[in-house]
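In what follows, a single structure is set out as structure tokens and then discussed.
The values are calculated or read from the model by the stated rules, or taken from the named source; none is laboratory data. Just so it is clear, the model here is predicted, and its values are computed rather than measured. Quick reminder, even Gly has a Cβ in these numbers, built from the backbone with ideal geometry, and neighbours come from all protein chains shown. Each accessible area value is taken on the protein alone, full model and side chains, heavy atoms only, with ligands, DNA and RNA left out. Shrake-Rupley method; radii C 1.70, N 1.55, O 1.52, S 1.80 Å.
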Amino acid sequence: QVQLVESGGGLVQPGGSLRLSCAASGTIFSIYNMGWYRQAPGKQRELVAVIHSGGITNYADSVEGRFTISRDNAKNTVYLQLNSLKPEDTAVYYCNGKLLNRNYWGQGTQVTVSS
């Protein structure tokens, strides 16, 4: 059974930083494409960033240059560094793992950006 467990969310002031972590278990983590999505109240879930098994990364335009996705295959963990946070970044952030027709989600972690 594949499990993804996020951590690191919280309340931060505008301009602040957070680092989210997603620990995977029950699978060969290194071959999965891993991503972070977010869902704000009343909005659809949207892709934030993805890191492919080979290390290539892609970002949503809204976070390009502020967020950084990375992975440590030895620790079965994917990270999302969030810098220069804005109130509009407030959302529940979800970790996702994809391989062919397999698609797994974490339970989500809340990020709130407010003064």
Might you check whether a residue that is in a loop (DSSP other than H, G, I, E, B), surrounded by 13 or more Cβ atoms within 10 Å (Cβ to Cβ), in contact with a strand residue (DSSP E or B) (Cβ under 9 Å, 6 or more places away or on another chain) and of a type in the set (S, T, N, Q) occurs anywhere in the stretch 73-82? yes
Check off (1) of a type in the set (Gly, Ala, Ser); (2) touching an Asp or Glu at 6+ places or on another chain (Cβ under 9 Å); (3) outside any strand (DSSP E or B) for Ala23 and give me the number that stays unchecked. (3)
Kindly check whether there is at least one residue in the stretch 63-79 that is among the aliphatic types (A, V, I, L, M), under 18 Å from Val92 (Cβ atoms) and touching a residue at least 40 places away in the same chain (Cβ under 8 Å). yes
Hits in the stretch 63-72 (condition: farther than 15 Å from Cys22 by Cα and either touching a helix residue (DSSP H, G or I) at 6+ places or on another chain (Cβ under 8 Å) or open to solvent by 60 Å² or more (accessible area, probe 1.4 Å) (or both)): Val63, Glu64, Gly65
Are there any pairs, at least 6 apart or on different chains, whose C-beta atoms fall under 9 Å, with the first in the stretch 25-37 and farther than 25 Å from Val63 by Cα and the second open to solvent by 50 Å² or more (accessible area, probe 1.4 Å) and among the β-branched types (Val, Ile, Thr), and if so, which? Ser25/Val5
Kindly indicate the residue of the stretch 44-60 that is in a loop (DSSP other than H, G, I, E, B) and closer than 18 Å to Gln107 by Cα and also most open to solvent (accessible area, probe 1.4 Å) among those meeting that condition. Gln44
Given the conditions (1) surrounded by 14 or more Cβ atoms within 10 Å (Cβ to Cβ); (2) in a loop (DSSP other than H, G, I, E, B), which single one is not true for Pro41? (1)
So which residues in the stretch 1-29 are surrounded by 14 or more Cβ atoms within 10 Å (Cβ to Cβ), closer than 17 Å to Ala74 by Cβ and of a type in the set (Gly, Ala, Ser)? Ser21, Ala23, Ala24
Within the stretch 83-115, take every residue that is in a loop (DSSP other than H, G, I, E, B) and among the small types (Gly, Ala, Ser) and give me the one that is surrounded by the fewest Cβ atoms within 10 Å (Cβ to Cβ). Ser115
